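Beneath this line is the structure, given in structure tokens, with notes to follow.
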Amino acid sequence: MIGYVLKRILTSIPVIIGITVITFFLLNVVPGDPVVLMMKEHISPDVVERVKAEMHLNDPVYLRYIKYMWGALHGDLGTSYKLKNRKVLDLIIDAFPNTLKLSLAAVLIAWAVGIPAGIVSAIKQYSFIDNFFMGFALLGVSMPVFWSALIMQYIFSMKLGLLPVSGFAGPKYIIMPAIVLGWSSAASIARLTRSSLLEVIRADYIRTARAKGLKEWQVVFHHALKNSMLPVVTIMAIQIASLLSGAVITESVFGIPGIGRLSVNAIQNRDMPLLQGTLIFTVVLVILGNLVADIAYSYLDPRIKYE
Amino acid sequence: MKSRYVKKIFVLMTVLSLVASLLAGCSSGSSKQAGSQQGGEKTLTIALTTDPGTADVQLTTDAYFIPLNIYDRLVEAVTTAPGKSELKPGLAERWDISSDGKVYTFHLRKGVKFHNGEELKADDVLYTFDRMLDPKTKALNTDFLDMIAGAKDRMEGKADSTSGLKVIDDYTIQITLTEPFAPFLACLATPAGSIYNRKATEAAGTDFGVKPEATVGTGPFKLSGWTFNSEVVLTANKDYFLGKPDIDKIVAKVVPDADTQRMMFENGELDVFDCDNALSQIPYFTKSDKWKNQIVSGPRVGTYYYAINESIKPFDDVRVRKAIQYSIDRQLLIDRLYYGIGTVAKGIMAPGLAGYNPDLPGIPYDPAKAKELLKEAGYPNGFNMTIAQITDRPNTLKINEAVQAMLNDVGIKAEINQMDEAAYFATRKEGKLPMYQADWSADFNDPDNFIYTFFAPRNSVARSFNYANAQVQADLEKARVMTNMDERYKLYQEIEKKIVYDDAAWVPLFHLNHLFVVQPKVKNFKVSWNGWSNMPYYEVKIEQ
């Protein structure tokens, strides 16, 4: 197992390098000039030329890339173009705990709601409760996050006065964004749990288990659920990785200073060091997320072995 | 045996949930309702749409909220009435200007203390201005100081100091200009003229403007907290040389979403709502019994306009440009899109600006004349053209759509091209952006800030006007160095008339008021003379 993990980590290095090369060069091809974007309406051609030279932005792209990667290998992700004097690593380190809190809370909601809802829907297929949960799930999957966020803000903050509209200064601030974010994840988990459980529940060994005279809950929890969890675990791992790389819209609507907003700021401002930093960080998280999912497979299904 | 795995999953989930709730609970409940007065503390809570990024005013051309409140300038542009300003002594109690208009001698106030306790000395002024021009600073705001003698050499790295800056004694500094520059005092009164403390700024290095404790000024507030992309906290400077401000604390929350800002305001989580962020809400606030008396409005010394790119055919023909000027019903735009909160613009300069010409005739809405001009120019059936704009700018899109329909009435088929912001500004800087709508409000109270900014040869290309009239552009340079203000303003008015009426290089639209809605406890809230969203809060009071 350790050998497998090491191998996976080593193979991810070329992936990270590949991604940095692609974004670095891509961002140089698309129109946009970071210094012009710093000045926008206050543009002064003389200042733009001078500051670009001072920032070495006129150097060849490959040279800037090598310089950047050399720094990155030494743990220096550079300083943001737009945010001046702010170190990219510091910005990421400050933003990540916020994204982590939000993601964990959202995941908690997604799992706590999604899995039981999926199970109940599968057991009581075509019943009112199944239709209710699946309708709820459909709503969660189809509703745009910004819309559900606005509706929740209107009801819980404006009308009921229970929760703050926006901000990130304490536990009560996390409730709405976590529900908004968790809802869509819960919806996919519920649907997947249901369909996967329905498939298993019709298998021969389940019939055997029932024939043995086991109680229904024993059949579902001991025999069916475990075998139906594999695809669900995959989606859960991918969801965690994507949540941790930042939920841009949720973070913007609720004013949460997370990784998502940082990345979007970086793209908008053609802020190469900040974009590269957030990207490397995100890629590492996704790779780790997939690795954790693979390890969870062997944990769930002993037939899967990694050498 | 098998049930063990299921149990493990649930154990794992429970552990994760505990960690999540623990993490969520970890952050302290430091948030407070807006304007709340814990322990008698008066807090003003406002919103910013983006994080200012830096408090170092030399490195930004628009993030002025923090600099306007934590620093002072030698001279201050004080709002004397709505849309009016006057230059008044700031850190300098008086100044002398040599008869040739090149040498400025500033006499500093004595006993002014920086937030670190140091007394303001002439050397701090020298240090601040020299730092702006030092290439190592990579400053963006050098335009406000590059008229100082030796500035060019300093910026190009040919000199280690700026020859035009000279300390006479601890409280006197002399600034020599390369040539006379009448708006120099006004330039020093912009946020870019903010004065730093040498000792603190040098010691802070790259932490200056980023870390609150390392960012020192003389202003009425101190930068005391900053969570990037979340909030900036300023606290009152009890030792401020003009007296302690009434409010103890300003909390500026970073809220990018306009709807969220409005809900926060109505929910009492914000004390001020800037209507620029949600123009469509203006009728709601003006009609609401709760809010209609809480609206604070002020004119903006600024102009909304269309830029026409003369290098793109058929805009090289002045008759076509004039046809566009006549095609637009400005009053209708103000009434329908801005609920009547503005006035029709007749030129480049806005009311309230020094040198403003109220006697310009104005451009009537005359589609028949526009058609006639197009026919004369050889386009009896109109032509196809593009209006460029940045994506996700609903207000600009509304103007563009209305103007698109008006142009259609005279036979011009305009297509609106929505571009990514980065591509938009990059194309504009190259002089290749087609017609576009924008607005400009005064940085400092002088015609130079409006006309030179757009029509000096290099600026005209960088803003995609591509205007070229050698006589006008020579006059622009001449006006910069004139010292007789009456003659100078007269020349600017002639220049403006030529650009707008003879050459039709500028399509004026309107001047808009800037509306804010404030909570009832917020008193003495005034719109700044230039109508900026970023403003000083020194005089604002909170009723207990």
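For this structure, a couple of remarks:
- Of all residues in segment B:219-251, those that are within 12 Å of another protein chain (Cβ to nearest Cβ) and either under 30 Å from B:G111 (Cβ atoms) or assigned to a loop (DSSP other than H, G, I, E, B) (or both) total 7.
Per-residue answers, yes or no, for (1) crowded, with 20+ Cβ neighbours inside 10 Å; (2) modelled with pLDDT of 95 or more; (3) closer than 15 Å to B:R73 by Cα:
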position: B:D169; (1), (2), (3): no, yes, no
position: B:L188; (1), (2), (3): yes, yes, yes
position: B:G193; (1), (2), (3): yes, yes, yes
position: B:G209; (1), (2), (3): yes, yes, no
position: B:N229; (1), (2), (3): yes, no, no
position: B:I247; (1), (2), (3): yes, yes, no
position: B:I250; (1), (2), (3): yes, yes, no
position: B:V255; (1), (2), (3): yes, no, no
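- Of all residues in segment B:423-475 being assigned to a strand (DSSP E or B) and more than 10 Å from chain A (Cβ to nearest Cβ), the one that is nearest to the chain's Cα centre (by Cα): B:Q437
- Scope segment B:495-544; condition basic (K, R) and assigned to a loop (DSSP other than H, G, I, E, B); matching residues: B:K521, B:K526
- Extreme residue, surrounded by the most Cβ atoms within 10 Å (Cβ to Cβ), among residues of segment B:407-421 that are more than 26 Å from the chain's Cα centre (by Cα) and acidic (D, E): B:D409
- Pairs meeting the criteria (first residue in segment A:206-221 and within 11 Å of chain B (Cβ to nearest Cβ), second residue surrounded by 15 or more Cβ atoms within 10 Å (Cβ to Cβ), beta carbons under 6 Å, at least 6 apart or on different chains) are A:A209/A:V219; A:A209/A:H223; A:F221/B:V6.
- Exactly one residue out of A:V107, A:V47, A:V21 is aliphatic (A, V, I, L, M) and under 24 Å from B:T61 (Cα atoms): that is A:V47.
- Residues that are within 14 Å of another protein chain (Cβ to nearest Cβ) and modelled with pLDDT under 95 within segment B:374-395 comprise B:T391, B:D392, B:R393, listed in sequence order.
- Being within 14 Å of another protein chain (Cβ to nearest Cβ), free of Cβ contacts under 8 Å to residues at least 24 places away in the same chain and either part of a helix (DSSP H, G or I) or buried (at least 18 other Cβ atoms within 10 Å of the Cβ) (or both) is a property that does not hold for A:A224.
- When the residues of segment B:422-434 are filtered to those that are in contact (Cβ under 8 Å) with a residue 12 or more places away in the chain and in contact with a helix residue (DSSP H, G or I) (Cβ under 6 Å, 6 or more places away or on another chain), the one that is surrounded by the most Cβ atoms within 10 Å (Cβ to Cβ) is B:L433.
- Residue count for segment A:169-180, restricted to those that are at the interface with another protein chain (Cβ under 7 Å from one of its Cβ atoms) and in contact with a helix residue (DSSP H, G or I) (Cβ under 6 Å, 6 or more places away or on another chain): 2
- Restricting attention to segment B:138-150, the residues being more than 9 Å from chain A (Cβ to nearest Cβ) and either closer than 16 Å to A:E49 by Cβ or β-branched (V, I, T) (or both) number 1.
- Restricted to segment B:73-92, and to residues there that are small (G, A, S) and crowded, with 17+ Cβ neighbours inside 10 Å, the residue that is modelled with the lowest pLDDT is B:G83.
Rundown of residues vs (1) touching a His at 6+ places or on another chain (Cβ under 9 Å); (2) crowded, with 20+ Cβ neighbours inside 10 Å; (3) among the basic types (K, R); (4) more than 22 Å from B:N309 (Cα to Cα), yes/no style:
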residue: B:Y436; (1), (2), (3), (4): no, yes, no, no
residue: B:A474; (1), (2), (3), (4): no, no, no, no
residue: B:Y501; (1), (2), (3), (4): no, no, no, no
residue: B:V507; (1), (2), (3), (4): no, yes, no, no
residue: B:G531; (1), (2), (3), (4): yes, yes, no, yes
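- Residue match in segment A:244-254 (condition: at positive phi and in the same structural domain as A:K172 (by TED's automatic domain parsing)): yes
- Taken across segment A:288-302, residues that are within 13 Å of chain B (Cβ to nearest Cβ), touching a Leu at 6+ places or on another chain (Cβ under 8 Å) and closer than 24 Å to B:D257 by Cβ do not occur at all.
- Of all residues in segment B:300-313, exactly one satisfies the criterion of being at pLDDT 95 or above and more than 29 Å from the chain's Cα centre (by Cα), namely B:I312.
- Residues considered: B:D316, B:D329, B:D366. Of these, the only one that is farther than 18 Å from B:K497 by Cβ and out of contact with any helix residue (DSSP H, G or I) (no Cβ under 9 Å at 6 or more places or on another chain) is B:D316.
- Filtered residue count, segment A:159-205, keeping only those that are free of Cβ contacts under 8 Å to residues at least 60 places away in the same chain, charged (D, E, K, R) and over 26 Å from A:T99 (Cβ atoms): 4
- Pair list, Cβ < 7 Å and 6+ apart or interchain, from segment B:317-343 residues that are on the phi > 0 side of the Ramachandran plot to residues that are at pLDDT below 95 and assigned to a helix (DSSP H, G or I): B:Y339/B:I282; B:Y339/B:P283
- Selection status of B:Q404, modelled with pLDDT of 95 or more, closer than 29 Å to B:A422 by Cβ and within 26 Å of the chain's Cα centre (by Cα): no
- Here B:A186 does not qualify as under 26 Å from the mean Cα position of the chain (by Cα), touching a residue at least 60 places away in the same chain (Cβ under 8 Å) and assigned to a loop (DSSP other than H, G, I, E, B).
- Residue in segment A:182-196 that is surrounded by 23 or more Cβ atoms within 10 Å (Cβ to Cβ), within 14 Å of chain B (Cβ to nearest Cβ) and at positive phi present: no
- Taking (1) in a helix (DSSP H, G or I); (2) more than 9 Å from every other protein chain (Cβ to nearest Cβ); (3) at pLDDT 85 or above in turn, A:Y4 satisfies each apart from (3).
- Scanning segment B:46-61 for residues that are within 16 Å of A:I43 (Cα to Cα) and at the interface with another protein chain (Cβ under 9 Å from one of its Cβ atoms) yields B:L59, B:T60, B:T61.
- Taking segment A:152-168 as the range and being in a loop (DSSP other than H, G, I, E, B) and either in contact with a Lys or Arg (Cβ under 7 Å, 6 or more places away or on another chain) or facing chain B (nearest Cβ under 10 Å) (or both) as the test, the residues that pass are A:G161, A:L163, A:P164, A:V165, A:S166, A:G167, A:F168.
- Pairs linking a residue in segment A:249-262 that is within 7 Å of another protein chain (Cβ to nearest Cβ) to a residue that is aromatic (F, W, Y) and surrounded by 24 or more Cβ atoms within 10 Å (Cβ to Cβ), with Cβ atoms under 9 Å and 6 or more positions apart or on different chains, are A:G255/A:F168; A:G255/A:Y173; A:P257/A:F168.
- Leading residue by the ranking (nearest to the chain's Cα centre (by Cα)) among those in segment B:324-339 that are crowded, with 18+ Cβ neighbours inside 10 Å and among the charged types (D, E, K, R): B:R330
The values are calculated or read from the model by the stated rules, or taken from the named source; none is laboratory data. It should be emphasised that the depicted structure is a prediction, and the values quoted were computed from it without experimental measurement. Quick reminder, even Gly has a Cβ in these numbers, built from the backbone with ideal geometry, and neighbours come from all protein chains shown.
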